[in-house]
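A short worksheet on the structure shown next.
Values quoted throughout were computed directly from the atomic coordinates according to the rules given, and no laboratory measurement underlies them. All values reported here derive from a predicted model rather than from experimental measurement. Here the Cβ positions follow ideal geometry from the backbone for every residue, glycine too, while neighbour counts run over all protein chains shown.
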Amino acid sequence: MIDEDGYFGERVAEQYDQSSSPLFQNDVIESTVSVLTELANGGRALELGVGTGRIALPLARRGVPVHGIELSRAMVARMRAKPGGDAVAVSIGDFATTTVDTKADGAFSLAYLVYNTIMNLTSQKAQVACFRNVAEHLEPGGCFVVEVMVPELRKLPAGQNIVPFHTSPTRWAYSVYDVTTQAMTCHYIEVSDEGRGEHREVPFRYVWPAELDLMARLAGLRLRDRWEGWTRKPFAEDSAQHVSVWEKPIS
Ligand SMILES: C[S@@+](CC[C@H](N)C(=O)[O-])C[C@H]1O[C@@H](n2cnc3c(N)ncnc32)[C@H](O)[C@@H]1O
């Protein structure tokens with residue numbers, strides 16, 4: 001299933017924007033883009049894992065110049081096919097290591113990594129490298145925003161390492177956890193009319209809020225805000241996800 005486009009090759013890309021996830025609803029996209037527009041503060045934005053432009057294109061429509069880094073040419077082709085799809089410049093590569101030349105247009109006031117995509121980096125080393133890479137692209141005072149789930153280990157009773165997260169007559173999905181490495185592999189099984197199943201799996205590395213704060217510190221960034229979501233509700237004990245904002249100090 002994995003090719004040069006990573007885990008988001010043509011078959012995933014062609015269905016990506018038909019997702020039933022609430023993250024594809026207009027009101028969620030609008031509130032995401034409103035927060036990001038404010039944080040960009042009149043400057044340029046860098047999206048890591050820009051995908052089909054779910055967020056980058058409406059952000060660009062608000063007047064924020066956006067540059068994307070993306071591994072999958074198939075996902076970028078879907079963005080290019082949308083109205084205004086050329087508005088976002090893209091560098092093809094791994095967002096943990098790919099650099100964007102900032103000499104001509106200046107450093108970024110905002111970098112963002114949404115929809116759990118930090119977890120697509122499957123080692124702590126790569127996640128740390130990502131923070132360092134972002135910090136090098138930010139101007140002093142600039143922000144890095146991450147939207148990611150809180151690891152669901154409370155759903156794991158002792159001796160169990162699997163959490164199902166979707167069951168319907170035609171689709172089953174579950175995560176397998178390795179609590180020693182923080183590896184989490186998601187398995188998706190589509191059941192056809194003939195009763196046959198097609199299986200796909202994607203590796204992730206789950207990561208804790210406090211661990212992200214440490215990665216940020218290693219990169220010279222400091223925590224500015226942590227919310228439960230884009231409505232800026234405070235992050236709390238029972239929050240299932242967080243939107244965290246770290247900033248690059250001015251001096
Ligand atoms: C869940 S999608 C999110 C896409 C988009 N940010 C959004 O919110 O709709 C994750 C995207 O990140 C890309 N991606 C995953 N790992 C990557 C990496 N190491 N470097 C660059 N892109 C990566 C995938 O190809 C995919 O397009």
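Name all residues of segment 135-167 having a backbone nitrogen under 18 Å from the label point set 7 Å from the Cα of Asp238 along its Cα→Cβ direction, giving them as ranges.
Under cut-off, by backbone N: 150-156.
So how tilted is helix 26-40 from the main axis of the chain? Cα-based, degrees 0 to 90, rounded to 10.
Result, in degrees: 30.
Within 13 Å, Cβ to Cβ, of Arg154, how many net charges do the neighbouring residues add up to if Lys/Arg are +1 and Asp/Glu are -1?
Here the count lands on -2.
Taking a quarter of the surface of the Cα convex hull of segment 157-200, what do you get in nm²?
Averaged projected area of segment 157-200's Cα convex hull equals 3.6 nm².
What do you get for trypsin sites (Lys or Arg not before Pro) in segment 73-121 restricted to DSSP loop and a cutoff of at most 14 other Cβ within 10 Å of the site's Cβ?
Qualifying residues, ordered by number: Lys103.
Could you pull out which residues in segment 174-205 have an amide N less than 11 Å from a spot 7 Å beyond the Cα of Ile162, following the Cα-Cβ vector?
The answer is 174-177, 187.
Between Gln25 and Arg224, what is the spin-label point distance in nm, taking each point 7 Å from the Cα along the Cα→C-beta axis?
Rounded to a tenth, the inter-label distance reads 2.8 nm.
Given just the C-alpha atoms of the chain, how large is their convex hull per residue in cubic angstrom? Mind showing how you got there, number by number?
On the way: hull volume 34.4 nm³, N = 251.
Given the Cα convex hull of the chain, per-residue volume reads 137 Å³.
Give me Asp193, Asp17 sorted ascending by neighbouring Cβ count inside 10 Å, so fewest comes first.
Sorted ascending by nearby Cβ count, the order is Asp193, Asp17.
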